[in-house]
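The values are calculated or read from the model by the stated rules, or taken from the named source; none is laboratory data. These numbers come from a predicted model, not from an experiment. For neighbour counting, all protein chains shown are included, and Cβ atoms are generated from backbone atoms with ideal geometry for every residue, glycine included. In case anyone asks, the SASA skips ligands and DNA or RNA and just uses the protein heavy atoms, side chains included. Shrake-Rupley method; radii C 1.70, N 1.55, O 1.52, S 1.80 Å.
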Amino acid sequence: MDDERWELLEKRVAALEARAADATRPGDRGEFWALEGLRERAQGRSQVVFTGSVVLPTGEEAAWQEGADTTALLDGLAQALDTDAEAAVAPLSALAHPVRLRLVLAVLSGRRTVAELGEGLGTTGQLYHHLRQLTAAGWLTASGRGSWTVPAQRVVPLLTLLAAAGSR
């Protein structure tokens, strides 16, 4: 084989190897790969999406995806606030108390019974008060025998809220 053809072959092999290496690297689609996908799908409309695939410390898995047109989202929230402001803010309000937030985090990490949850978080009566607030807001459900869980469809939204609250 002559030198020119050999050099051309080496360049082609190097290009193929580089593409193969790029395809196996995490994040090779760019820093904003999810945003780019949303823009393609939204076709000029203003939208917001949250999604997640989670394996909790307990080994339980949760996956969720939800999206909304921002105009409809904002209009719906304004209408809900006009109709019943207390009900509109109840899910956020339930998480706004330090004890309730600690309870939710404890349940996500695998502590599920009142006895397990009570360590350092108050009396049994206080705990049940906070658990009722979280249950009414949909963040927790009673799973029988005095045990609590975060419903699978609420895990990713909850973690999304916590991530948004923590990012500054």
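Quick check, is Thr123 without any contact (Cβ under 8 Å) to a residue 12 or more places away in the chain and hydroxyl-bearing (Ser, Thr, Tyr)? Yes: the conditions hold for Thr123. When the test is whether a residue is touching a residue at least 40 places away in the same chain (Cβ under 8 Å) and either assigned to a strand (DSSP E or B) or not charged (D, E, K, R) (or both), Leu134 passes it. Counting only residues that are assigned to a helix (DSSP H, G or I), open to solvent by 100 Å² or more (accessible area, probe 1.4 Å) and modelled with pLDDT of 75 or more, region 13-54 holds 4 of them.
In the condition set (1) assigned to a loop (DSSP other than H, G, I, E, B); (2) at negative phi; (3) under 20 Å from the mean Cα position of the chain (by Cα), Glu119 is compliant with all but (3).
Could you tell me whether any residue of region 150-167 is over 13 Å from Leu56 (Cβ atoms), assigned to a loop (DSSP other than H, G, I, E, B), at pLDDT below 90 and out of contact with any strand residue (DSSP E or B) (no Cβ under 9 Å at 6 or more places or on another chain)? So that I can check it myself, show each step before the final result.
Start the filter on region 150-167 by keeping residues that are over 13 Å from Leu56 (Cβ atoms), which leaves 153, 157, 160-167.
Cutting the leftovers down to assigned to a loop (DSSP other than H, G, I, E, B) gives us 167.
Checking which are at pLDDT below 90 leaves us with 167.
Remaining after also requiring out of contact with any strand residue (DSSP E or B) (no Cβ under 9 Å at 6 or more places or on another chain): 167.
Yes: region 150-167 contains one or more residues that are over 13 Å from Leu56 (Cβ atoms), assigned to a loop (DSSP other than H, G, I, E, B), at pLDDT below 90 and out of contact with any strand residue (DSSP E or B) (no Cβ under 9 Å at 6 or more places or on another chain).
Applying the criterion of being over 20 Å from the mean Cα position of the chain (by Cα) and of a type in the set (S, T, N, Q) to the residues of region 62-82, the residue that is nearest to Gly44 (Cα to Cα) is Thr71.
Within region 85-112, residues that are open to solvent by 60 Å² or more (accessible area, probe 1.4 Å) have Cβ atoms under 7 Å from residues that are part of a helix (DSSP H, G or I) and at pLDDT below 90 in these pairs: Arg111/Leu117, counting only partners at least 6 apart in sequence or on another chain.
Scanning region 148-168 for residues that are open to solvent by 30 Å² or more (accessible area, probe 1.4 Å), under 17 Å from Ala106 (Cβ atoms) and touching a Gly at 6+ places or on another chain (Cβ under 9 Å) returns Arg154, Leu159.
Residue count for region 134-147 satisfying the condition of being open to solvent by 80 Å² or more (accessible area, probe 1.4 Å) and within 21 Å of Leu158 (Cβ to Cβ): 1.
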